[in-house]
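Let me begin by presenting the structure, written as structure tokens, before commenting on it.
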Ligand code: IMP
């Protein structure tokens, strides 16, 4: 079974295929055909993942999986949220902006969220899910692994930031893996029932 991943990121496709292979599943994720250029103007992660999924379905008419994710900080009323990727010009400036906005705030609670939408070859929603990873925002950066807001995100139940975890450790608990595992469980059932 082939599934188009609604992303232009080769690394993401590779990462998901590695996970699928490690589970012994007969699924191959592939990049969308040329022309995948969705306008992500939704107001939630869920809406944006559906926009991406439909854009990939329009040009492939295949099974499609899309994801949309970001960091939500309680004391900032859920910001940066869907604006996570564009909160400032560079990753370092985005972190700087978040820390500045949180300056003095006692409540540092936050979570990463990842919405995934799976469309069937008829373009209908076959499955959708939201994965969450809870933590808090520390006052300075720590660690060099990962990307984005990882260096300021202290994982609940751990003394380390997301950027201090190995890739394998992050993959066990991240919002993306939580969502992906549910999608894969759904697909496993689907394949077993056919
Ligand atoms: P995307 O929807 O996966 O492209 O993620 C959007 C943005 O959310 C990224 O550019 C990051 O700023 C942030 N983000 C999403 N997932 C993570 C993560 O696992 N660690 C750190 N930042 C993340």
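Bear in mind that the values in this text are calculations on the coordinates, not laboratory data. Since the model is a prediction, treat every value here as computed from it, not as a measurement. Virtual Cβ from ideal backbone geometry, glycine too; neighbours counted across all protein chains shown.
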Descending Cα extents along the principal axes, segment 47-95, whole Å: 40, 22, 11
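If r is the Cβ-Cβ distance from residue 8 to residue 142 and R0 is 35 Å, what FRET efficiency results, to the nearest 0.05? Please report the intermediate quantities before stating the final value.
Details: r = 31 Å, r/R0 = 0.87.
My answer for the efficiency is 0.70.
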For the chain, restrict the atom set to alpha-carbon positions and state the Rg and Dmax in Å. 17.1, 56
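With N denoting the number of residues in segment 1-49, provide Rg(C-alpha) divided by 2.2 N^0.38 Å, to two decimal places. Let's see the in-between values first.
Values: Rg = 12.7 Å, N = 49, 2.2 N^0.38 = 9.7 Å.
Rg over 2.2 N^0.38 Å, computed on Cα atoms: 1.31.
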Tell me the angle of helix 175-192 to the major Cα principal axis of the chain, expressed in degrees between 0 and 90 and rounded to the nearest ten. 20
Report the residue, chosen from 23, 139, 61, that carries the largest GNM mean-square fluctuation when the chain is represented by alpha-carbon nodes joined by springs under 10 Å. 23
Would you look at the GNM of the chain, springs on alpha carbons closer than 10 Å, and say which of 130, 14, 182 moves the most? 14
Between the Cα axis of helix 91-102 and the main Cα principal axis of the chain, the angle (0 to 90°, nearest 10) is 50
Just to be sure I understand: with springs between alpha-carbon atoms less than 10 Å apart, which residue in 45, 112, 147 has the highest mean-square fluctuation in the Gaussian network model of the chain? 147
Inter-part gap, Cα centre of segment 130-194 to Cα centre of segment 51-87, in whole angstrom, is 16
If eta is 0.692 mPa s and T is 37 °C, what Stokes-Einstein diffusion coefficient results for segment 112-160, Kirkwood Rh from Cα pairs, in µm²/s? 250
Can you tell me the orientation of helix 10-22 relative to the chain, as the angle in degrees between its alpha-carbon axis and the longest Cα principal axis, to the nearest 10? 70
